[in-house]
Amino acid sequence: MICQTLQSILYLLPQIFCMPEYTGELQSKLPSAGTSIFAIMSKMAVEHDAINLSQGFPDFPISDKLIARVNHYMKKGFNQYAPMPGVLPLRKAIAEKTKATYSVDYDPETEITITAGATQAIFTAISAFVRDGDEVIIFEPAYDSYAPAVKAFGGLVKYSTLKLPDFQINWSEVKRMLSNRTRMIIINSPHNPSGSLISKEDLTELEKLTHDSDIIVLSDEVYEHLIFDGHIHQSVCHFPELLSRSLVIGSFGKTFHATGWKTGYVLAPARLTAEFRKLHQFTVFASNTPIQYAIADFLQDPENYNYISKFYQNKRDFFVEKIKNSRFKIVPSYGTYFQLLEYSGISNEPDMSFAKSLVLEHKIASVPLSPFYSMPNDARLLRFCFAKKEDTLTKAAEILCRI
């Protein structure tokens, strides 16, 4: 009895003397994280009645046919929880689309998961594979959800800066960054915010660097159908060895102009999907049921997504033509629905203050590029979304040409 008591005391001593002092304050997992730049600029646009080309969402209607299919399934009673991996008709439709687009087979039962948008898919993928002390390589400027998710799960972010002016990957730098603790490399093409594209040569190099390793590739391909000027989307799906270690993220919000529906998906080999789903089931369990069935029907006609490239290229060309006589320098955009404009010929202000002045003084909202970097930079670049009606783009261009 005495021995048991002594054992209990010895067990409790480290806990008693190592307990942190209570301060009444929370220990934040992300102490440096603030409000997203997209939310900040959109809020400013509303408050100051400015044209909002900051946040990436269309201001035109989506397909009446697609809305009708959602309404159809709602009225038929498809309004309860979907299966955790997503409804099977949609997973099968995605498998057929992926086969037709990339000539690769994914098993709808074990290799395709429907998510509540692409950001949830990215967060869940990182949470499933990144452990305390793991290193994750991110290319910046980077979409703002990558690094916080890595840090939230104890990972260490290593930043590789894309080379200006064309935002190309510095592979010699990436090679030096690799270590035995590298757990994941995150790539994004077409690239948000720059509109640049990863090339076949880039993915060949990535395949070489990750050969015979356990490094996972998270490939954010949400703008896969928004490719311009005759370019072809280079997906990891085209590279068998990369495919075997990759999670590919897709988004119907981007493809079907329905960002508020928050419906995305993940393609991954069965061994990776099994781990992804372990976390997915406790993150959201499942996403919107009638929308999943509706999209499954909509995907049956390839024209419902194959027209997207031409559609958005026309919008890009329209916007660029309207601002060609402005004092802004146009940076080529080969994909996404974003256009970078360089303003060093207009102002020497940092991009954040210049972007705010555009809202306050000229009633037009954009997104500064600096929040996409881990360290301050002086690139003097703003991102404008051209997923808008021609009337909106015309009004925006008139303002930009007066600056």
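The values are calculated or read from the model by the stated rules, or taken from the named source; none is laboratory data. Since the structure is predicted, the reported quantities are computational estimates derived from the model, not experimental observations. Cβ sites come from the backbone with ideal geometry, for glycine too, and all protein chains shown count toward neighbours.
Residue-level analysis places Ser251 outside the set of residues that are farther than 24 Å from Pro83 by Cβ, buried (at least 22 other Cβ atoms within 10 Å of the Cβ) and within 17 Å of the chain's Cα centre (by Cα). Quick check: anything in segment 109-127 farther than 30 Å from Ala387 by Cβ and in contact with a helix residue (DSSP H, G or I) (Cβ under 7 Å, 6 or more places away or on another chain)? Yes: one or more hits.
Can you tell me which residue in segment 360-403 is surrounded by the fewest Cβ atoms within 10 Å (Cβ to Cβ), limited to those that are in contact with an Asp or Glu (Cβ under 7 Å, 6 or more places away or on another chain) and charged (D, E, K, R)?
The qualifying residue surrounded by the fewest Cβ atoms within 10 Å (Cβ to Cβ) is Lys389.
Look at (1) in contact with a helix residue (DSSP H, G or I) (Cβ under 9 Å, 6 or more places away or on another chain); (2) closer than 24 Å to Glu275 by Cα; (3) without any contact (Cβ under 8 Å) to a residue 24 or more places away in the chain; (4) not aromatic (Phe, Trp, Tyr) and you find that Ile187 fails only one, number (3).
Please count how many residues of segment 258-297 are assigned to a loop (DSSP other than H, G, I, E, B) and either of a type in the set (A, V, I, L, M) or within 18 Å of Glu224 (Cα to Cα) (or both).
From segment 258-297, those assigned to a loop (DSSP other than H, G, I, E, B) are 258, 262-263, 268-269, 284-288; that's our starting set.
In the following step, the residues that additionally are either of a type in the set (A, V, I, L, M) or within 18 Å of Glu224 (Cα to Cα) (or both) were identified as 258, 262-263, 268, 284, 286.
Going through segment 258-297 one residue at a time, the tally reaches 6.
Take segment 36-60 and flag every residue that is of a type in the set (D, E, K, R) and either closer than 12 Å to Arg383 by Cβ or not in a helix (DSSP H, G or I) (or both).
Asp49, Asp59
Within segment 121-138, the set of residues being among the basic types (Lys, Arg) and touching a residue at least 60 places away in the same chain (Cβ under 8 Å) is empty.
Which members of segment 337-385 meet the condition of being touching a strand residue (DSSP E or B) at 6+ places or on another chain (Cβ under 9 Å) and of a type in the set (Val, Ile, Thr)? Within segment 337-385, Val359, Ile364, Val367 meet the criteria. Residue pairs whose Cβ atoms lie under 8 Å apart, separated by 6 or more positions or on different chains, with the first residue in segment 244-257 and in a loop (DSSP other than H, G, I, E, B) and the second aromatic (Phe, Trp, Tyr), are Phe256/Phe298; Phe256/Tyr305; His257/Phe60.
Residues that are over 20 Å from Ser374 (Cβ atoms) number at least 3 in the following helices (runs of 4 or more DSSP H) confined to segment 133-223: 200-209. Is it fair to say Ala379 is within 24 Å of Phe252 (Cα to Cα), among the aliphatic types (A, V, I, L, M) and either assigned to a helix (DSSP H, G or I) or not assigned by TED's automatic domain parsing to the domain that holds Pro193 (or both)? Criteria not met by Ala379. Within segment 279-290, the presence of a residue that is closer than 29 Å to Asp214 by Cα, in contact with an Asp or Glu (Cβ under 9 Å, 6 or more places away or on another chain) and in contact (Cβ under 8 Å) with a residue 60 or more places away in the chain is excluded. When segment 61-94 is filtered for residues that are over 26 Å from the mean Cα position of the chain (by Cα) and part of a helix (DSSP H, G or I), the ones remaining, listed by number, are Asp64, Lys65, Ala68, Arg69, Asn71, His72, Tyr73, Met74, Lys75. Would you pick out the residues in segment 149-197 that are farther than 24 Å from Tyr337 by Cα, surrounded by fewer than 22 Cβ atoms within 10 Å (Cβ to Cβ) and in contact with a Leu (Cβ under 7 Å, 6 or more places away or on another chain)? Correct list: Lys151, Ala152, Val174, Lys175, Leu178.
The rows are residues; the columns are (1) at pLDDT 95 or above; (2) under 18 Å from Ala396 (Cα atoms); (3) more than 20 Å from the chain's Cα centre (by Cα).
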{"position": "Asp301", "(1), (2), (3)": "yes, no, yes"}
{"position": "Phe311", "(1), (2), (3)": "yes, no, yes"}
{"position": "Lys322", "(1), (2), (3)": "yes, yes, yes"}
{"position": "Phe328", "(1), (2), (3)": "yes, yes, yes"}
{"position": "Phe338", "(1), (2), (3)": "yes, yes, no"}
{"position": "Tyr343", "(1), (2), (3)": "yes, yes, yes"}
{"position": "Leu358", "(1), (2), (3)": "yes, yes, yes"}
{"position": "Pro376", "(1), (2), (3)": "no, no, yes"}
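If we scan segment 161-177, do we find a residue that is closer than 21 Å to Lys278 by Cβ and under 18 Å from the mean Cα position of the chain (by Cα)? Checked against the condition, which is being closer than 21 Å to Lys278 by Cβ and under 18 Å from the mean Cα position of the chain (by Cα), segment 161-177 yields no hits at all. Restricting Glu361, Glu349 to residues that are out of contact with any Phe, Trp or Tyr (no Cβ under 7 Å at 6 or more places or on another chain), among the charged types (D, E, K, R) and over 22 Å from Asp49 (Cα atoms) narrows the list to Glu349.
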